[in-house]
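Beneath this line is the structure, given in structure tokens, with notes to follow.
The values are calculated or read from the model by the stated rules, or taken from the named source; none is laboratory data. Every value quoted in this text rests on a predicted model; they were computed, and no experiment measured them. Ideal geometry is used to build each Cβ from the backbone, glycine not excepted, and the neighbour counts take in all protein chains shown.
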């Protein structure tokens, strides 16, 4: 890869960070690890060709053009969090991934993650994911960590909040949220 290609890939990863909260290579590698997939299987679940997934991961392409694919990515992130916190077994995750793969995007979140409790109130997971999404739409993880470091001496609780919700894993944020409920 020449210098111009490296610079273009770095720009694409920065755009991905601003659009998706992190570069897609890191996000996709985490989904592969958390859900026990390979790149070809991840591409199939998302509805992307293997070359397109590779281009997004390497920064040769910046943006996912299909909104349904973006929603499938979000659904897989939610599913990975549920597997990590033990609320979904590996067998159930396989079934859910097939549902996600077949979805057109619009109903993915409502059919694959529990967004409300039986009383109609949002679940802790949904609240935490909304907080994470909002923070990550404002700044990338590196900027959030830098802001948290700047605040840590005078406002340690706020710094912790930024680190956990802005750059941490969903399971950590759920634990933080539950620990701070009255």
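Of all the criteria given as (1) farther than 26 Å from residue 83 by Cα; (2) surrounded by fewer than 12 Cβ atoms within 10 Å (Cβ to Cβ), the one not satisfied by residue 143 is (2).
Checking each residue in the range 1-39 for being under 15 Å from residue 169 (Cα atoms), in contact (Cβ under 8 Å) with a residue 12 or more places away in the chain, under 12 Å from the mean Cα position of the chain (by Cα) and part of a helix (DSSP H, G or I) picks out 20, 27, 28, 29, 30, 31, 34.
Looking for whichever is touching a strand residue (DSSP E or B) at 6+ places or on another chain (Cβ under 7 Å) and either crowded, with 16+ Cβ neighbours inside 10 Å or at pLDDT below 95 (or both) here; the options are 111, 115. Which one fits?
Exactly one residue qualifies, and that residue is 115.
The numbered conditions (1) assigned to a helix (DSSP H, G or I); (2) at pLDDT below 85; (3) in contact with a helix residue (DSSP H, G or I) (Cβ under 8 Å, 6 or more places away or on another chain) are all true for residue 106 except (1).
Taking interchain pairs and intrachain pairs at least six residues apart, which have beta carbon atoms under 8 angstrom, with the first residue in the range 150-168 and assigned by TED's automatic domain parsing to the domain that holds residue 134 and the second not in a helix (DSSP H, G or I)? From residues that are assigned by TED's automatic domain parsing to the domain that holds residue 134, the pairs are 159/152; 166/139. Considering the conditions (1) modelled with pLDDT under 90; (2) within 26 Å of residue 12 (Cα to Cα), residue 89 is excluded by exactly one of them, (2). Kindly indicate whether residue 86 is more than 16 Å from the chain's Cα centre (by Cα) and touching a residue at least 24 places away in the same chain (Cβ under 8 Å). No: the conditions fail for residue 86. The residue of the range 151-178 that is surrounded by the most Cβ atoms within 10 Å (Cβ to Cβ), among those that are at pLDDT 90 or above and out of contact with any helix residue (DSSP H, G or I) (no Cβ under 8 Å at 6 or more places or on another chain), is 155.
Is it true that some residue in the range 41-56 is farther than 28 Å from residue 91 by Cβ and surrounded by 20 or more Cβ atoms within 10 Å (Cβ to Cβ)? There is at least one residue in the range 41-56 that is farther than 28 Å from residue 91 by Cβ and surrounded by 20 or more Cβ atoms within 10 Å (Cβ to Cβ).
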